[in-house]
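In what follows, a single structure is set out as structure tokens and then discussed.
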Amino acid sequence: MLLFVSLLIHNFPEGLAVAASSLESDQLGLTVTVGIMIHNIPEGIAIAIPCLKARPDSPFLCFLLASVSGLAEPAGAFVSLVILRGFERRKIASDGISPDGDGFVESDAFPLENVLAFVAGIMITVSFLELLPEGKYHAKKSTSMNAYYAGLVAGFVVMVATEFGMSL
């Protein structure tokens with residue numbers, strides 16, 4: 001249950017990142033979406049497998065918990081869109097005239113860099129303080145450390161390949 005709650009909380013800023021990057025550009029939004037989509041597969045497995053081990057008679061519950069943890073992502077995206085849309089265009093207080101004549105002006109009060117830096121800080125903190133130590137602990141208990149390091153390298157290669165593949 002702790003893993004479910006932590007991944008539920010973890011998925012919220014992912015939604016922030018997807019929405020904010022999609023507002024910036026379609027290409028960036030697609031790249032971030034694909035990267036997050038790829039890593040959501042093992043997240044769902046990480047919730048479902050321990051749940052199945054603890055409750056083998058309740059596969060639907062395991063499916064439900066894995067699915068619900070992913071719903072925090074669209075919630076994060078919604079919050080991000082509401083907040084960023086509010087900052088994106090501001091009413092001109094002085095004369096109400098904007099360059100395009102609609103009474104609004106583009107604002108850099110909440111730029112994309114701030115949102116992505118916030119999300120990156122959360123992800124890096126969770127990775128270094130929770131995920132890597134937990135993975136290393138379990139690798140020492142059950143398998144060789146080679147599998148642990150191979151997983152780190154494979155994840156890095158997939159993300160770099162995704163970035164380069166999406167930029168072509």
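The values are calculated or read from the model by the stated rules, or taken from the named source; none is laboratory data. Being a predicted model, the structure only gives us computed values, none of them experimental. Cβ atoms come from the backbone with ideal geometry, glycine included; neighbour counts cover every protein chain shown. Only protein heavy atoms, including side chains, enter the accessible area calculation; ligands, DNA and RNA are left aside. Shrake-Rupley method; radii C 1.70, N 1.55, O 1.52, S 1.80 Å.
By the gyration tensor of its Cα atoms, with a ≥ b ≥ c the square roots of the eigenvalues, what is the shape of the range 1-52: rounded for a/c under 1.5, prolate for a/b over b/c, or oblate? Mind showing how you got there, number by number?
On the way: a/c = 6.06, a/b = 2.19, b/c = 2.76.
Cα axes put the range 1-52 in the oblate bin.
With a 1.4 Å probe and all protein chains kept in place, how much accessible area does PHE118 have, in Å² rounded to the nearest 10?
Solvent-accessible area, nearest 10 Å²: 120 Å².
What ranking, highest mean first, results for peptides 19-25, 35-41, 128-134 when packing means the other Cβ atoms within 10 Å averaged over each residue?
Working: 19-25: 19.7, 35-41: 14.9, 128-134: 11.6.
In descending order of packing, they fall as 19-25, 35-41, 128-134.
Taking R0 as 22 Å, what FRET efficiency do you get between ALA147 and VAL34 from their Cβ-Cβ distance, rounded to the nearest 0.05? It would help to have the intermediate numbers written out before the result.
Working: r = 25 Å, r/R0 = 1.15.
The calculated FRET efficiency here is 0.30.
Report, to the nearest whole %, how much of the accessible area of the range 1-79 belongs to carbon and sulfur atoms, 1.4 Å probe, protein only.
On the way: 3450 of 4400 Å².
The C+S portion of the solvent-accessible surface of the range 1-79 is 79 percent.
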